[in-house]
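Read-outs: derived from the displayed coordinates by stated rules, not from any lab. Worth saying up front: this structure is predicted, and the values here are computed from it rather than measured. Don't worry about glycine lacking a Cβ; one is built from the backbone with ideal geometry, like all the others, and counts go over all protein chains shown.
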Amino acid sequence: MRLLFLILGIALSHAALAHGEKAHAVPEVDYSKAEKKPFGIATDPRKAKRTIRVEMSDAMRFTPADIEVRRGETVRFVAANKGQVLHEMVLGTMDDLNKHADLMKRFPGMEHDELHTTHVAPGQRGEIGWRFTNTGTYYFGCLIPGHFEAGMIGKITVTP
């Protein structure tokens, strides 16, 4: 019986940590192997010349919700969770975010660690370092089931 409770406890603690509620130590990342996306490429946040603080709330909103950057600019996003529930900031095209949100609805406990994503526990903050390589309109959203649908989305305009 103790073994059953031990196994159950381990499984539940793993499920509770799913979707980024792990310790917030910044892992060492080899950014030279980062995958280029249509909206740019991950970079070491410590190399950014500009920091943009984005607050996340349980009202399912980002502040600011509209951000403007220049093509070629490297930005350090600091996502601060001011709410009482887990939130995340995921960069992407609207198509990417919609597909990811749909996947999250089907598999709500899935873990992922893409460099264009940060999961932030209540009262904590996370970082994304990003270099925007193409002009256009891109987005960021919280893709935890129900959050994106409730309007937790922001826009990034990349100008020449």
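Observations on the structure shown:
- Cross-link pairs K49/K155; K36/K82; K82/K155; K49/K82; K33/K155; K33/K99 - those with Cα-Cα distance over 22 Å: K36/K82; K49/K82; K33/K155; K33/K99
- Phi angles across segment 89-97 convert, under the Karplus curve 6.51 cos²θ - 1.76 cosθ + 1.60 with θ = phi - 60°, into 3J(HN,Hα) values of 10, 10, 8, x, 7, 4, 4, 4, 5 Hz, Gly and Pro given as x.
- From least to most packed, judged by other beta carbons within 10 angstrom and beginning with the fewest, K47, K37, K82 follow the order K47, K82, K37.
- Shape category assigned to segment 87-151 from the gyration tensor of Cα positions, a/c cut at 1.5: oblate
- All aspartates and glutamates inside 20 Å of K105 as judged from Cα atoms, apart from same-chain residues fewer than 8 positions distant: E21, D58, E88, D95, D96, D113, E114, E149
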